[in-house]
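J.: Just dropping this structure here.
The values are calculated or read from the model by the stated rules, or taken from the named source; none is laboratory data. These numbers were taken from a predicted model, which means no experiment stands behind them. Virtual Cβ from ideal backbone geometry, glycine too; neighbours counted across all protein chains shown. For accessibility, only protein heavy atoms count, side chains too; no ligands or nucleic acids. Shrake-Rupley method; radii C 1.70, N 1.55, O 1.52, S 1.80 Å.
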Amino acid sequence: MSFLRFVLRLSVFGCLGALWAIAGVYLYLSPNLPDVETLRDVRLQTPMLVYTRDGELIGQFGEQKRSPLPFDAIPEQFIKALLAAEDDNYFTHRGVDVMGLMRATSELVLTGEKGSGGSTLTMQVARNYFLNLDRTFIRKFNEILLAIEIERTLSKEEIFELYFNRIFLGHRAYGFEAASQVYYGKTIGELSLAQHAMLAGVPKAPSRINPVSGPEAGKERRDWILGRMYALGYIDREQYQSALAEVDDARLWGAQLGFAAHYAAEMARQEMVQRYGLDAYTNGYHVYTTISSELQRVATRSVVDGLIAYDKRHGYRGPERQLAPRGSDEDTIADWRAALRKAAPVGNLQPAIVTSVADDKATLLLADGSTPDLPWENGIRQARPYLSENATGASQQPVAKVLAIGDLIRVTQDEEGAWHLAQLPAAQAALVSLNPDNGAIVSIVGGIGFEQSKFNRATQAQRQPGSNFKPFLYSAAFEAGFTAATIINDAPIVLEGGSQDDLWRPENDEGKFYGPTRLRWALTKSRNLVSIRLLQRLGVKRLIKYVNHLGFDTSGYVPELSLALGTQSITPLELAKGYAVLANGGFRVEPYLIQRIEDTNGVTVFEARPPTVCRDCDGPVAPQQAEEEMSMEEILAVDTVEEVQLPPAPRVMDARVNFIIDSILKDVITRGTGRRALVLERSDIGGKTGTTNGPMDVWFSGYNRDVVTTAWVGFDNYTPLGRREFGGTAALPIWIDYMREALKDSPEQERPVPPGIVTVKIDPQTGQPASPGQSNAIFEYFKRETAPQHSGRRDSRRESDSSLYDEVNDLF
């Protein structure tokens, strides 16, 4: 009895001691525990997503790949898989599962391996959100105390959601939804039972057991989890057996983009970083751009096709690389496969390696492992060797004269599945298309492929515009009192250059001179010498001041007569902005890309309010900021029924001058250097070619009332394109291919004649009023105050009306 009393007392004192020890630990640790209430407002690092205006994903930026889901959106089957793997008593315990700890301990003792683990999901949430991974008793006690406190504060669903969205799962994937997309290219709701079990096993060792880095260990863990699910009654035997037999097809998937619009996405990224700093990468912003998905696809295809067409005219330059066979066949094939993985496709140009050569064909190895034949007539026959930008050699046969084993080449596939020899164009191109009424960037392409070069030529390439700039010179002249009928002599001119011995002898493109020429015809046919003499009479400083008012950055302009030929540097985007003034009736707009920004909760935190053309409120308008940001209070204060009032774009060009320039640029299409565009069969388009010395840069900019587009072609290293290349041969075909689709839903619109425009019947040789009955007389538009008058005769001016406009339009 004495011994029993001793044991009883010892037990009581032991229990009291344990309680005192636990209380002591709690009193010691609890003051330093973090506030679990912060979990209600936790901000997960979520990447920025960039979309087109119609909601297609074109970019994802952020170190951590994460796609948070609410509990209600998590598949029940996955919940059961995760509970079977980590914590099958989750919905019954209070944060700490004593039975689970005992089971984990027994598994470890009996098998020597860790199975289900002793930490509950709640304890793991405490560890992941508040603690480090140090293996100490203090950290474990903190974990237990925090788990109990978390269970008191949050619901089971909230805790599970925190775990689901936070856990690291390898390859920069955080949270199971992101892991599903990284490993399987699908949302977690689209995965099979076996794939759910595979993902549920990753938290045990994310770097070793994920299905890509450790497929065998991952499969072993997956099968164990499926067994647990079967034992717990979560699945039946048929489901269990079927899932065990499923072959896992995990691989690394990139962001699931709707399509490639990398230049636009990168522009959005840069602007977001300017706005929000590094928070742009972690706060889960959804950025909606002004990009049209359909037209962006068309723009990319038009640029690629245009460069390939140019490239074919200048011959075959040979393979990109030569990978000679080495060692065994297995080593050679391994080297070739590695090279193909590194050679990213550009547009529809696929990399291929020549594995054998016969007289009439070559055999290829493609990136997918297939080995198709490339017949001699499929591009090899047409592969005349490149000699220079102006010359190609003769067609060569047999195939061995063109291709050799180990050549890394490019091929394209036609609709029938046949492969054709191609090559990556050495030249580059850019295209930018705007809404002329507000400057919204509808599509933008900065080069043949972002994979090949991240340099955005549409926004960063400073190139000479050549004659593409002339419409702005003529606009300045018309503002100053010159008319479309003003006569200037197209004749040789010699001007002093930078030094006394340096003389400049400009010429027209074709080297001919045409004598006295009306300004309308001079711009239509792009006469260089008329333009130079016009600038002489107008004044260089006056031109610079005028185009600065239109919105051009003139800080780098050299005040020389060569400005008449577009020798200053400019980007395609800035030139498109200038042409928007011509397209919209004379208003200055600022290009912009981001339409709105939403936070992770879908709340709009920014809405673009670009200055927008308002033709009904025409008049003097103070210059507006390019883009005004609405505060949340302003956004919420706007009546959702009424349309938000946008700031009006300022008028920067006389409406009459704009009308006359537009009529001339329509002549460029019908009778001038842009005649190729007649294939579009539209009467409402205008535009202008541009070709610089060399030629090194070729352009076409054009528009109608709904869209304005600039296309540029050139070499990054400023080498010549070839003496037979012009704006109308290299850039205009790209513009036509794009505008064919861009104008598809744009009805033809007749531009209204503004007040103050008169028409006069003139002599086309003199620009003066025609004599009565003159057979070759034509009508010309004038501002009322600059219209010529008959000396001693009745004024021949007639106020323009719609019927007269039809008559004049027929004559032009």
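J.: When the chain is fully extended, how far beyond the present Cα-Cα distance does Phe259 get from Thr719, taking 0.36 nm per residue of separation?
T.: Working: separation 460, 0.36 × 460 = 165.60 nm, distance 3.25 nm.
Result: 162.4 nm gained on full extension.
J.: For segment 88-95, what does the Karplus curve 6.51 cos²θ - 1.76 cosθ + 1.60, with θ = phi - 60°, yield as ³J(HN,Hα) per residue in whole Hz, taken in order and with x for Gly and Pro?
T.: Calculated HN-Hα couplings, in order: 6, 9, 3, 7, 10, 7, 10, x Hz.
J.: Can you list the lysines whose alpha carbon is less than 26 Å from that of Lys186, not counting same-chain residues fewer than 8 positions off?
T.: Lys65, Lys80, Lys204, Lys219, Lys342
J.: How much of Val679 can a 1.4 Å solvent probe reach, expressed as accessible area in Å² and rounded to 10?
T.: 80
J.: So how do Ile144, Ile225 rank on accessible area, 1.4 Å probe, biggest first, that is with the largest at the start?
T.: Working: Ile144 50, Ile225 0 Å².
Heavy-atom accessible area, descending, gives Ile144, Ile225.
J.: For segment 339-473, which whole-number percentage of the solvent-accessible area (1.4 Å probe, protein heavy atoms only) is attributable to carbon and sulfur atoms? Please list the in-between numbers first.
T.: Values: 2430 of 5160 Å².
About 47 percent, which is the carbon plus sulfur part of the accessible surface.
J.: A further question on this structure: Run the 1.4 Å probe and let me know the accessible area of Val605, rounded to the nearest 10 Å².
T.: About 40 Å², ignoring ligands and nucleic acids.
J.: Can you sort Lys525, Lys156, Lys219 by solvent-accessible area, 1.4 Å probe, largest first?
T.: Values: Lys525 65, Lys156 35, Lys219 95 Å².
The residues order as Lys219, Lys525, Lys156, largest area first.
J.: Please calculate the 1.4 Å probe accessible area of Glu320, with all protein chains present, and give it to the nearest 10 Å².
T.: 80
J.: Mind ranking Val357, Val589 by accessible surface for me, highest first, 1.4 Å probe? Intermediate values should be presented prior to the final figure.
T.: Values: Val357 50, Val589 0 Å².
From most exposed to least exposed: Val357, Val589.
J.: Okay, moving on. Based on the Cβ-Cβ distance of Gln768 and Asn693, what FRET efficiency does E = 1/(1 + (r/R0)^6) give at R0 = 45 Å, to the nearest 0.05? List each step's numbers first, then the result.
T.: Details: r = 36 Å, r/R0 = 0.80.
Approximately 0.80, to the nearest 0.05.
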